[in-house]
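The block underneath contains the structure these notes are about, expressed in structure tokens.
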Amino acid sequence: MISCLVTHLSRNPQGAPIGTESVINSDVLDIGRGAACRIYLPDHQVYLHHATINRGDDGHLYLICHAGIEIRVNGAMMHTVPLNIGTHIELGPYEIIVLPPAQGCDLAISVEMLEQHQLVRDRAIELHKKSPLTIAALGYSKRKISILFAFLFFLLFVVIPLLPKFSTSLNDWQAELPVTMTDSWRPGELSEGHDVFGSKCSVCHRQPFTAVSSEVCLECHGNVPSHFKAESTHAKDTKKMNCTSCHKDHNGKFGLVLHDSSRCRSCHANLKKQKPDTTRSNVANFKSAHPSFRVTLPSLENATEPLRPLLNDKAAVVEQNGLKFSHLAHLNPKGISSNKGQMIMVCEDCHRRNAKSKNFAHIEMQRDCQQSGCHKVRYRDPMVGVVPHGTVGEIEHTVHQFFLNQISTTGTIPKEECRDIKGNGVQRSLGCVNRLTFNLLKISLFRKTMSCGECHEITGHDSEDMSWKFAPLKINRDWFPLAKFSHSKHTVTPCEKCHDKANSKLSSDISLPDIDKCRECHVGDKVADHKVSSRCDSCHQFHDGLSYPVKAGIKPTHVDPTQK
Amino acid sequence: MDWIQRPTVLTYGNNRYFKLSSVIISIAIFAFVLFEPSNTGHYGGTILGYTLGVSSATIVIILFYYGLLKRRPPLQRERRTKLYDTKNTAPQNENISLPSSSATKERRSFLSRKNWRFHVTLQGWLSGHIYLGGTLIVLATLHTGFRFSWSVHTLSYVFLLIVSATGYYGLYIYTLYPRVMTQILGQDTLDMIIKQIAEIDERARILALDMPDDVNQLLLKSRLETHIGSNLYQMLTGEQLNCPTAYAAKQIQVLGAKYVKNEQIKIIAELYSLILRKKTLVNRAHIAVMLKARMDAWLYLHVPFSVALMASLSVHVLAILFYW
């Protein structure tokens with residue numbers, strides 16, 4: 001028989017213990033959750049029959065757990081526990097402490113539910129409330145995340161990109177990296193030519209918060225022709241017009257040059273108001289506000305500047321080239337008679353495109369005029385012969401040699417022409433050769449309407465000596481030297497669509513198309529259906545230097561990008 | 001009834017901000033189509049590009065200012081003072097859960113206060129915030145000229161899209177979820193549901209004391225390991241992986257077949273009923289927490305990315321001006 005004093009402890013709100021004592025007498029004391037247990041511990045964590053208190057063979061009392069169950073005793077897991085005074089046993093949520101036995105009892109124990117388990121059972125609501133129910137309760141703070149974001153951003157995208165600005169060695173080092181420190185600030189791809197500078201922003205951007213100046217550009221591009229005359233008052237406007245006005249980089253490989261006409265229009269649309277003494281017209285738009293073209297003609301005698309009449313000024317637009325030529329005769333649709341029969345000619349027979357130049361290849365007498373047997377430089381009277389196309393001196397020499405050979409070979413002097421020549425034999429022979437040569441040139445080769453005279457204006461027939469005068473040739477090579485025009489881009493258009501040469505009898509006729517003809521296909525900047533949009537730089541170049549010479553003596557500064 | 005008839009933020013002031021945004025967007029698109037850029041095409045460096053950029057930055061500042069205004073401490077103090085005054089003047093026995101309660105009235109009064117900031121109500125500011133946010137997407141996209149690169153400039157645009165996307169997700173959530181929340185919670189609050197769960201746990205514990213250990217273990221596990229909220233995953237998905245309560249409900253049926261005593265059968269049946277009720281309550285609590293979490297979660301992206309957007313916008317402008 002075991003007599004056990006069991007004290008069930010609980011705590012008041014102040015934490016002071018309150019005990020309820022009971023004495024249990026039994027041979028075996030069952031401990032468990034079951035209603036039949038003598039020491040009743042009503043909690044799930046206690047087994048139905050958790051343990052028993054028995055008296056051992058040695059007379060001591062033992063707490064023995066049921067099979068497979070262990071309990072914590074003084075911090076160690078045990079199956080059988082000798083119930084010595086002061087032993088602390090944790091059984092589920094309960095703590096059992098062996099106390100000194102009271103009088104008449106074999107054993108005294110206190111049973112108390114541990115505080116944390118008390119919470120679980122009695123304050124389940126509080127426990128649930130302690131469980132975080134919102135994201136904020138998990139400890140995430142919008143403000144902290146925001147500050148972290150801002151800090152990281154400042155570090156990555158402000159501090160790091162600016163560091164190379166303050167250290168040349170760091171700048172050089174970072175430029176070699178696959179992803180450079182300044183890449184994050186790059187607004188766009190550099191142009192093809194400037195890509196060599198890579199991530200060294202300071203090559204062009206010298207001063208913070210200051211636009212790239214023209215002086216920086218001119219360090220490399222100093223020999224680019226100016227748009228203005230150096231002495232022009234308008235040269236001052238260049239100060240307003242920086243390189244970067246038209247050349248904005250970071251616009252892709254091919255985006256450096258501004259092709260838009262807006263910058264040109266800003267001056268040229270109202271040029272007469274800005275510069276009253278100008279001879280140039282206002283130009284605002286190719287389609288509707290562009291003057292008639294100015295054709296460039298060779299300068300008159302004693303003049304240095306070429307003539308540049310407006311194309312619609314028919315009286316002024318005359319080419320005095322010193323030649324006689326009829327396009328009408330050559331472009332006869334029925335053909336023109338030649339040694340090879342009736343030959344139908346087209347423009348390309350004479351005007352051959354030159355792959356190396358925007359202009360046509362030079363017309364060559366031998367290749368273009370004599371290839372079919374036409375225009376051989378013949379003489380017929382008093383005998384038939386051919387001389388090569390050349391200078392007056394060369395032709396005179398050829399004819400001279402011919403008669404000299406003839407007289408030398410035959411040894412006779414023609415009596416009819418040379419009867420009055422006096423002197424010895426040699427003098428008479430040479431005099432005769434000169435006379436025969438003069439006669440032949442005058443009567444046949446240099447006659448005004450045949451042989452050379454078919455194409456050339458020849459004077460000097462009345463002279464007694466051989467002072468023939470051929471009108472000087474001024475064949476215009478470039479009608480619009482200040483404009484860009486490519487015949488190769490216009491091959492789909494027949495020649496006669498633009499050049500009215502089929503009715504031209506004189507070589508002085510200029511059959512260049514005026515602007516109205518161009519406008520049949522070309523419009524201004526604005527794109528229009530079935531039309532070709534044309535900007536200022538479609539035909540003109542800003543840096544062509546007009547007729548002014550390229551600045552002399554300026555050479556480009558060779559910048560080694562690896563050294564800056 | 002006037003609460004129901006109150007115009008929503010989307011139709012505030014006879015669609016005032018919708019009309020304003022429509023006009024701005026129309027002008028921007030019209031200018032974008034009409035403006036002939038140089039050969040470089042549209043990008044931020046043209047006159048139109050700068051105009052769109054400055055307009056976008058202004059709108060960003062206005063939108064950001066709204067966020068600051070809402071969180072300004074003086075406003076909170078003002079609000080608390082107002083609430084305190086209202087409580088003190090309200091009858092003591094007033095039922096605060098009714099829609100016509102003084103707190104609700106105070107809130108409505110606060111929302112519709114005409115002179116909240118710059119003579120625009122808070123609801124008006126929110127309406128403007130929503131529509132100007134949409135306008136900003138269009139203006140900023142046109143400002144980019146559809147040119148993007150691996151740079152801080154494009155990053156600003158990406159942040160803008162993230163902020164806008166989270167904002168519109170928030171709008172969607174706030175349009176839909178309060179109604180769902182009402183359906184889920186009914187007359188209860190989350191606290192009341194948790195109390196009910198605890199009560200069920202306690203009743204089940206007492207009921208099961210005389211039942212075998214396996215039944216008690218199930219209930220113990222259900223009681224100790226069923227968590228409402230607790231972690232971000234559970235909050236956002238509204239479910240607990242391997243929920244012990246669901247498991248207990250299933251297992252009690254299985255265990256019930258083992259016990260044949262009349263008394264045990266009765267207890268098992270009662271326990272099963274309790275655990276099913278608990279499961280329903282747990283599900284409701286999970287969903288309520290999920291709805292609240294989702295209503296909060298978008299702000300955890302919206303606010304930090306708004307700050308990041310302001311930072312990136314500042315760097316964007318700094319980078320442009322620094323390397324002018």
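The values are calculated or read from the model by the stated rules, or taken from the named source; none is laboratory data. Because the structure is predicted, anything quoted here is derived from the model rather than measured. Cβ: placed from backbone, ideal geometry, glycine included. Neighbour counts: every protein chain shown.
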Taking helices (runs of 4 or more DSSP H) that do not extend beyond segment A:258-348, which have at least 3 residues that are buried (at least 16 other Cβ atoms within 10 Å of the Cβ)? A:262-268
Determine which member of the set A:PHE485, A:PHE480, A:PHE470 is more than 28 Å from A:LYS287 (Cβ to Cβ), surrounded by 14 or more Cβ atoms within 10 Å (Cβ to Cβ), in contact (Cβ under 8 Å) with a residue 12 or more places away in the chain and among the hydrophobic types (A, V, I, L, M, F, W, C). A:PHE470
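Kindly indicate the residue of segment B:237-260 that is among the hydrophobic types (A, V, I, L, M, F, W, C) and surrounded by 15 or more Cβ atoms within 10 Å (Cβ to Cβ) and also nearest to the other protein chains (Cβ to nearest Cβ) among those meeting that condition.
Once the filter is applied, the top-ranked residue is B:ALA248.
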For A:CYS217: the one exception among (1) in contact with a Phe, Trp or Tyr (Cβ under 8 Å, 6 or more places away or on another chain); (2) modelled with pLDDT of 85 or more; (3) surrounded by 13 or more Cβ atoms within 10 Å (Cβ to Cβ); (4) away from chain B (no Cβ under 14 Å): (1)
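One line per residue, one yes/no per condition, for (1) closer than 30 Å to A:THR412 by Cβ; (2) out of contact with any helix residue (DSSP H, G or I) (no Cβ under 6 Å at 6 or more places or on another chain); (3) of a type in the set (S, T, N, Q):
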position: A:PHE438; (1), (2), (3): yes, yes, no
position: A:ILE475; (1), (2), (3): no, yes, no
position: A:LYS484; (1), (2), (3): no, no, no
position: A:SER508; (1), (2), (3): no, yes, yes
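For segment B:115-166: of the residues being among the polar types (S, T, N, Q) and farther than 25 Å from A:LEU156 by Cβ, which is farthest from the other protein chains (Cβ to nearest Cβ)? I'd like the intermediate steps shown before the answer.
Filtering segment B:115-166 for residues among the polar types (S, T, N, Q) gives B:115, B:121, B:123, B:127, B:135, B:141, B:144, B:149, B:151, B:154, B:156, B:164, B:166.
Still in the list and also farther than 25 Å from A:LEU156 by Cβ: B:115, B:121, B:123, B:127, B:135.
On the way: B:ASN115: 28, B:THR121: 24, B:GLN123: 22, B:SER127: 23, B:THR135: 24 Å.
My answer is B:ASN115.
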Flag if B:GLN187 is surrounded by fewer than 16 Cβ atoms within 10 Å (Cβ to Cβ) and not in a helix (DSSP H, G or I): yes
Go through (1) in contact with a Pro (Cβ under 8 Å, 6 or more places away or on another chain); (2) surrounded by 16 or more Cβ atoms within 10 Å (Cβ to Cβ) for B:ILE206 and report which single condition fails. (2)
Of everything in segment A:40-60, what is in contact with a strand residue (DSSP E or B) (Cβ under 7 Å, 6 or more places away or on another chain) and away from chain B (no Cβ under 14 Å)? Give them in sequence order. A:THR52, A:ILE53, A:ASN54, A:ARG55, A:GLY56, A:HIS60
Confirm whether B:TYR169 is in a helix (DSSP H, G or I), more than 9 Å from every other protein chain (Cβ to nearest Cβ) and modelled with pLDDT under 90. no
Scanning segment B:189-225 residue by residue, the ones that are under 35 Å from the mean Cα position of the chain (by Cα), more than 9 Å from chain A (Cβ to nearest Cβ) and touching a residue at least 40 places away in the same chain (Cβ under 8 Å) total 4
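Restricting to segment B:230-247, give me the number of residues that are within 25 Å of the chain's Cα centre (by Cα) and either at pLDDT below 85 or among the β-branched types (Val, Ile, Thr) (or both).
Final tally of qualifying residues: 2.
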If we ask which residues in segment B:254-283 are without any contact (Cβ under 8 Å) to a residue 12 or more places away in the chain and of a type in the set (Gly, Ala, Ser), their number turns out to be 2
Out of segment B:284-312, which residues are at the interface with chain A (Cβ under 7 Å from one of its Cβ atoms), touching a residue at least 40 places away in the same chain (Cβ under 8 Å) and under 30 Å from B:TYR157 (Cα atoms)? B:LYS292, B:ALA293, B:ALA297, B:LEU299, B:VAL303, B:ALA308, B:SER312
Suppose we filter segment B:261-283 for residues that are acidic (Asp, Glu) and either more than 12 Å from chain A (Cβ to nearest Cβ) or buried (at least 18 other Cβ atoms within 10 Å of the Cβ) (or both); how many remain? 1
Enumerated strands (runs of 3 or more DSSP E) restricted to segment A:1-108, each holding at least 3 residues that are under 29 Å from B:ARG223 (Cα atoms): A:2-11, A:17-26, A:29-32, A:71-73, A:76-78, A:88-91, A:94-99
Would you be able to tell me the number of residues in segment A:495-516 that are more than 30 Å from A:HIS456 (Cα to Cα) and not in a helix (DSSP H, G or I)? 0
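Any residue that is within 60 Å of the chain's Cα centre (by Cα) and either assigned to a helix (DSSP H, G or I) or loosely packed, with under 11 Cβ neighbours inside 10 Å (or both) - is there at least one of those in segment A:415-423?
no
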